[in-house]
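> I have a structure here, written as structure tokens, and I will follow up with some questions on it.
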Amino acid sequence: MNVVVLGATGSIGRQTADVVAQHPDRLRMRGLVAHRDVEGMEALMVRFRPAWVVMTDAEAAARVAARAAAGTAVEAGMARAVARLEDEPPLAVVAAMSGFVGLTPTLAAARRGHRLGLANKETMVAAGHLIRAAVRQGGGQLLPMDSEHSAIFQALGDPARPFRRLILTATGGPFRGWPRERLEQVSVGAALQHPVWAMGQKNTIDSATLMNKGLEVLEAHWLFDAPLNQIDVVVHPEAIVHSLVEFADGALLAQLGRPDMHVPIQLALSWPERWEVGLPDLDLAALGRLTFEPPDHDLFPGVRLARAAGEAGGSAPVVLNAANEVAVEHFLAGSLSFLDVTRLVADVLGHRAPVLVDSLEAILAADAEARAAARQWAGRREGRRGHG
Ligand code: NDP
Ligand code: MG
């Protein structure tokens, strides 16, 4: 099967490359899309000799083109990535750009009927209904790559099987158990130290605020047609149980394994087969115990905010996601404090009545408007901090 990776130079993209390299008899890298990581893309080109590469940044595209081998066509801009996806006969597309920016190529891949391996959860949060409709229209398959959703997909077995509850596990992030006073002071560096997973920066900060789990609740809602009140979250710091499904008789089915993204990435490509991943076996006796505790929704309000947005419906999840992306950018740049990230999201969300978003245009407009409001919020905050 041919594979195209959107966000090829990122954390999920590079792990997808490992999976493709491990199965040369089954998978072939056909096309790669990234933004501006020229060195990262060059390394992938040397490794796979893809037929085509798109850098969405024009200057990066020119630099990549200068280093490309004769068999690789290099183009610039998101529109070219979309056109390439539309031209290809059905193959597997790994949606692994970070954030809302991945929406148009993800929709294009779904409409074309490609197998869609979805890591890029922000697109599902903002436009789950459009992505589902596009998958139906294209006739391809949507397979979750987020570890929790992959676990639920596996535990369900048959996607049409009725369930009582989906239970998402969360590690609790690097600040689990910290008091509020300490949280006011956390540095960017500390927030980027995830206890279990090595991920891109945005996802890592989201894990620290629990917004990652909030986004995952909304992602599960769309992926599994699950009412929000049938999706729960439990903190499980060891990250061995990747999520669970509860059925009518109270039986819980879970998927367990090492916390390693190669597994759900590969499964979305191999399904319904399972292939060797090459990880050491999990020694349960050596692990000793698995622990579970409730999330602290007061200190880490990400899940509560996402639920509120999901219940409000319409544009609210778009606003939640846009405000969060802007807030995380400002936190990473040092211009917002850690607790301000979710304060900004709560404020921007709370000041907007949801509107109907039944088209891509409506979603893009709601996203742009919320981003502008979030930037203003951050600007005001910075002004106040600047004046002591
Ligand atoms: P990274 O930040 O590591 O990588 C992001 C990728 O997206 C890079 O290849 C980047 O390109 C590309 N990109 C960013 N902006 C653009 C743009 N405007 N146009 C084209 N490409 C762009 O993110 P992760 O790999 O961590 O995460 C990717 C997605 O997967 C996210 O939605 C995340 O929530 C989800 N996810 C990640 C997990 C993980 O373990 N990392 C686990 C579960 C889900 P460049 O490098 O060239 O700038
Ligand atoms: Mg996850």
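No value in this document is a laboratory result; all are computed from the given coordinates. From a predicted model like this one, the values you see are computed outputs, not experimental measurements. FYI the Cβ positions are ideal-geometry reconstructions off the backbone, even for glycines, and counts take in every protein chain you see.
> Among 149-161, 202-214, how do they line up from the highest to the lowest mean number of other beta-carbon atoms within 10 Å?
On the way: 149-161: 18.2, 202-214: 25.6.
Answer by packing, highest mean first, reads 202-214, 149-161.
> Okay, next question. Taking only complete DSSP H runs, can you tell me which helices of the chain stretch 18 Å or more along their own long axis by Cα positions and average at least 0.5 on the Kyte-Doolittle scale? Walk me through the intermediate numbers first.
Values: long enough: 121-138 (21 Å, 0.07); 211-224 (19 Å, 0.23); 316-332 (24 Å, 0.92); 338-350 (19 Å, 1.23); 360-386 (38 Å, -0.68).
Those that clear 18 Å and a mean of 0.5 are 316-332, 338-350.
> Further question: Full-extension gain between Ala333 and Arg28, please, as 0.36 nm times their residue separation minus the C-alpha to C-alpha distance. Write out the running numbers ahead of the final one.
Values: separation 305, 0.36 × 305 = 109.80 nm, distance 3.78 nm.
Difference between extended and current length: 106.0 nm.
> Per q in 0.07 1/Å, what log10 I(q)/I(0) does a Debye calculation on the alpha-carbon atoms of the chain return?
Log-scaled intensity ratios, in q order: -0.30.
> At R0 = 22 Å, how high is the FRET efficiency between Arg384 and Arg180 if r is their beta carbon distance? Nearest 0.05 is fine. Present the calculation step by step, with values, prior to reporting the outcome.
Numbers: r = 20 Å, r/R0 = 0.89.
For Arg384 and Arg180, the calculated efficiency is 0.65.
> Find, to one decimal place in angstroms, the Kirkwood hydrodynamic radius of region 183-285, where the mean of 1/r is taken over every pair of different Cα atoms and then inverted. Mind dumping the intermediate values first?
Numbers: mean 1/r = 0.0621 Å⁻¹.
For region 183-285, the Kirkwood estimate is 16.1 Å.
> If amide hydrogens are placed 1.01 Å from N in the peptide plane, which non-local residues have theirs closer than 5 Å to the one on Gln255?
His242, Ser243
> Let me ask you something else. In what sequence, highest mean first, do 97-110, 9-22 appear when ranked by Cβ atoms within 10 angstrom? Mind showing how you got there, number by number?
Working: 97-110: 24.4, 9-22: 21.7.
So the order, starting with the most tightly packed, is 97-110, 9-22.
> While we're here: If R0 is 30 Å, what FRET efficiency do you get for Asp158 and Asp281 from their C-beta distance, rounded to 0.05? Could you put the intermediate results ahead of the total?
Working: r = 28 Å, r/R0 = 0.93.
Given R0 = 30 Å and the Cβ-Cβ separation, E is 0.60.
> Here is a further query. Per residue and in cubic angstrom, what volume does the convex hull of the Cα atoms of region 91-146 have? Walk me through the numbers before you get to the answer.
Working: hull volume 3.2 nm³, N = 56.
That works out to 58 Å³ per residue.
> Return, for the Cα atoms of region 11-53, the radius of gyration and Dmax in Å, separated by a comma.
Radius of gyration, then largest Cα-Cα span, for region 11-53: 9.9, 30 Å.
> Once you have the Kirkwood Rh of region 276-358 from its Cα pairs, apply Stokes-Einstein at 10 °C and 1.306 mPa s and quote D in µm²/s. Could the numbers behind the result be given before it?
Values: Rh = 15.4 Å.
Value of D from the Cα-based Kirkwood radius: 103 µm²/s.
> In 5 Å bins starting at 0, how do the alpha-carbon pair distances of region 266-313 split up by percent?
P(r) over region 266-313, rounded to whole percents: 5, 13, 10, 9, 9, 13, 20, 14, 5, 0.
> Would you mind calculating the gained length between Arg343 and Gln376 on full extension (0.36 nm times residue separation, minus the Cα-Cα distance), in nm to one decimal?
10.5 nm
> Now for a different question. By how many nm would the segment from Arg258 to Arg36 grow when fully extended, if each residue of separation counts as 0.36 nm and the alpha-carbon distance is taken off? Present the calculation step by step, with values, prior to reporting the outcome.
On the way: separation 222, 0.36 × 222 = 79.92 nm, distance 3.17 nm.
Length difference between fully extended and current span is 76.7 nm.
> In vacuum, with every alpha carbon of region 1-153 counted as one equal point scatterer, what does the Debye formula give for log10 I(q)/I(0) at q = 0.18, 0.20 Å⁻¹? Two decimals, please.
Rounded to two decimals, the profile gives -1.02, -1.26.
> Å³ per residue of the Cα convex hull, for region 328-388? Spell out each step's value before the answer.
Working: hull volume 4.8 nm³, N = 61.
Taking the convex hull of the Cα positions in region 328-388, it is 79 Å³ per residue.
> Would you kindly calculate the translational diffusion coefficient of region 239-388, applying Stokes-Einstein with the Kirkwood radius from alpha carbon pairs, for 37 °C and a viscosity of 0.692 mPa s, and quote it in µm² s⁻¹ without decimals? Before the final figure, lay out each step's value.
On the way: Rh = 18.8 Å.
Translational D for this selection: 174 µm²/s.
> Let me have the 222 nm mean residue ellipticity of the chain computed from DSSP H runs of 4+ only, each contributing -39500 (n - 2.57), with the sum over all residues rounded to the nearest 500.
Numbers: 17 runs with 193 residues, N = 388.
Using -39500 (n - 2.57) per qualifying helix, the result is -15000 deg cm²/dmol.
> How big is region 119-231 on each of its three principal axes, counting only the C-alpha atoms and giving the largest first in Å?
Over region 119-231, Cα extents along the principal axes are 49, 28, 21 Å.
> Could you tell me the center-to-center distance, by alpha carbons, between region 157-176 and region 351-368 in angstrom?
28 Å
> According to a simple spin-label model (label point 7 Å from Cα along Cα-to-Cβ), what is the distance in nm between Asp298 and Asp87?
Reported label-point gap for Asp87 and Asp298 is 5.8 nm.
> From the square roots a ≥ b ≥ c of the eigenvalues of the alpha-carbon gyration tensor of region 245-295, which class results: rounded (a/c under 1.5), prolate (a/b over b/c), or oblate? Don't skip to the end; give the middle numbers.
Details: a/c = 2.17, a/b = 1.26, b/c = 1.72.
Oblate, since a/c reaches 1.5 and b/c is not below a/b.
> When the scattering of region 63-112 is computed by the Debye formula from its Cα atoms alone, each counted once and equally, what is log10 I(q)/I(0) at q = 0.16, 0.20, 0.25 Å⁻¹?
For the requested q values the scattering log ratios are -0.53, -0.78, -1.02.
> Determine the distance separating the Cα centre of region 95-123 from the Cα centre of region 257-272; give it in Å without decimals.
Cα centres, region 95-123 to region 257-272: 18 Å.
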